[in-house]
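Trainee: Structure below; questions to follow.
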Amino acid sequence: MGSLQLEDFAAGWIGGAASVIVGHPLDTVKTRLQAGVGYGNTLSCIRMVYRRESVFGFFKGMSFPLASIAVYNSVVFGVFSNTQRFLSQHRCREPEASPPRTLSDLLLASMVAGVVSVGLGGPVDLIKIRLQMQTQPFRDGGKHRVTVFPGPHLCM
């Protein structure tokens, strides 16, 4: 039986980091629109975020997803490919370098990776959304206050 293949974990980490860097600004706009905070439409939301928070507003809360999604994708990629490899090697019981993979191997490996994905993804997504919904501090009678959306209605 072969050993754990680390290339798939590395590929998942790189893919996860790249997806966050490219997709986070649009995900922030989507999250703000879903919260229904009076943005109107997508273009209005983009303009308002840019005017109030500059370009950095689109990347608000990105450090957590950058770290967590990279690890998350790494684990899911690695679990999927190593499970598939393990299943095909145990099914064939032959010492060949690359035993053939079947549809049942693919299905079972996908199910295992899906269970891992749901277990890791839920808490990560909740924290990411809370960070994206933070707004800039504003003054209210000389006091600094920060409004954070969404409220407790999104807790799991």
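Trainee: Identify, from the list GLY23, GLY40, GLY2, GLY61, the residue that is assigned to a helix (DSSP H, G or I) and either surrounded by fewer than 16 Cβ atoms within 10 Å (Cβ to Cβ) or at pLDDT below 90 (or both). Let's see the steps before the verdict.
Mentor: Working: GLY40 fails: assigned to a helix (DSSP H, G or I); GLY2 fails: assigned to a helix (DSSP H, G or I); GLY61 fails: assigned to a helix (DSSP H, G or I).
Exactly one of GLY23, GLY40, GLY2, GLY61 is assigned to a helix (DSSP H, G or I) and either surrounded by fewer than 16 Cβ atoms within 10 Å (Cβ to Cβ) or at pLDDT below 90 (or both), namely GLY23.
Trainee: Next question, about the same structure. Please find, within the range 128-156, the residue that is modelled with the lowest pLDDT out of those that are part of a helix (DSSP H, G or I) and surrounded by 14 or more Cβ atoms within 10 Å (Cβ to Cβ).
Mentor: Step one: of the range 128-156, the residues part of a helix (DSSP H, G or I) are 128-132, 152-154.
Applying the additional criterion that residues be surrounded by 14 or more Cβ atoms within 10 Å (Cβ to Cβ) yields 128-132.
Numbers: LYS128: 77, ILE129: 79, ARG130: 81, LEU131: 78, GLN132: 73.
Filtering the range 128-156 for residues that are part of a helix (DSSP H, G or I) and surrounded by 14 or more Cβ atoms within 10 Å (Cβ to Cβ), the one modelled with the lowest pLDDT comes out as GLN132.
Trainee: Give me the pairs: first residue in the range 71-89 and closer than 20 Å to PRO123 by Cβ, second residue open to solvent by 20 Å² or more (accessible area, probe 1.4 Å) and of a type in the set (Phe, Trp, Tyr), beta-carbon distance under 8 Å, and six or more apart or on different chains, which are they?
Mentor: Listed pairs, sorted by first residue: VAL71/TRP13; ASN73/TRP13; SER74/PHE9; SER74/TRP13; VAL75/PHE9; PHE77/PHE9; GLY78/PHE9.
The values are calculated or read from the model by the stated rules, or taken from the named source; none is laboratory data. None of these values were measured; they are calculated from a predicted model. Positions of Cβ are generated from backbone atoms using ideal geometry, with glycine treated the same way; all protein chains shown enter the neighbour counts. These accessible areas exclude ligands, DNA and RNA; they are computed on the full protein's heavy atoms, side chains included. Shrake-Rupley method; radii C 1.70, N 1.55, O 1.52, S 1.80 Å.
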